[in-house]
């Protein structure tokens, strides 16, 4: 009887060991399956996010800078995603980034040119403002008349139009009564005060001023 109990005990232990071994193997297989599924899900999410970001770049629907967009495309390339749609989107995104760089370069060029024109115009306006100030502050009439004759050489005619802005509301100008450059210069000589500044001017094909717009300081 004791011998049979010993045999039975050994069988139970062996069965327990076998069960544990089978359970361990099953558990190991389950973990591998879960890991594989997790990797597949991560890859799918990466592909989906790549498509989303690439389309955003192509359609100019992102707030990223051009450099940030280029960096994102480089990151996606590094993923080596084997998906035809992603590969096609990468090509289009690269083309879009080049287009954006070219557009930005052109905008900056135009901005520089406009700034140069603005500075040139301001310099030109300063010359006229200085001439008008010189007439108003001349020591006597003879000095004022000499400066008037010199200044008139810049105008197409003594009758060139002079408009004076006296107020501005919502981008709409309110003008004083129109006058001519010769009358305006005589006014400065008599008034001995120049309280304006040049706002805009127009020139003819010879570069002579045909119209002058001043604004009250």
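The values are calculated or read from the model by the stated rules, or taken from the named source; none is laboratory data. All figures in this text were calculated on a predicted structure; none of them were measured in a lab. Cβ coordinates were reconstructed from backbone atoms using ideal geometry, including for glycine residues, and neighbour counts include every protein chain displayed.
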>> Where the second residue is part of a loop (DSSP other than H, G, I, E, B) and the first is in the same structural domain as residue 155 (by TED's automatic domain parsing) and lies in the range 178-193, which pairs have Cβ atoms under 6 Å and are six or more apart or on separate chains?
In response: 180/159; 181/160; 182/158; 188/194
> Take the residues of the range 158-176 that are over 37 Å from the mean Cα position of the chain (by Cα) and at pLDDT 95 or above: which is nearest to residue 130 (Cα to Cα)?
Replying inline: 162
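The rows are residues; the columns are (1) at pLDDT below 90; (2) under 30 Å from residue 98 (Cα atoms); (3) outside the structural domain of residue 97 (by TED's automatic domain parsing).
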site	(1), (2), (3)
6	yes, no, yes
21	yes, no, yes
33	yes, no, no
38	yes, no, no
43	yes, yes, no
48	no, yes, no
52	no, yes, no
56	no, yes, no
59	no, yes, no
> With respect to the numbered conditions (1) out of contact with any helix residue (DSSP H, G or I) (no Cβ under 6 Å at 6 or more places or on another chain); (2) farther than 18 Å from residue 213 by Cα; (3) not assigned by TED's automatic domain parsing to the domain that holds residue 200, which one is the sole condition not fulfilled by residue 97?
Replying inline: (1)
> Taking the range 88-121 as the search range and keeping residues that are under 23 Å from residue 155 (Cα atoms) and surrounded by fewer than 12 Cβ atoms within 10 Å (Cβ to Cβ), which one is modelled with the highest pLDDT?
Replying inline: 117
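So that you can scan it fast, the table gives a plain yes or no per residue for (1) exposed (fewer than 13 other Cβ atoms within 10 Å of the Cβ); (2) outside any strand (DSSP E or B); (3) in contact with a helix residue (DSSP H, G or I) (Cβ under 9 Å, 6 or more places away or on another chain):
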{"position": "188", "(1), (2), (3)": "no, yes, yes"}
{"position": "197", "(1), (2), (3)": "no, no, yes"}
{"position": "200", "(1), (2), (3)": "no, no, yes"}
{"position": "215", "(1), (2), (3)": "no, no, no"}
> Taking the range 68-123 on its own, how many of its residues are at positive phi and in a helix (DSSP H, G or I)?
Replying inline: 0
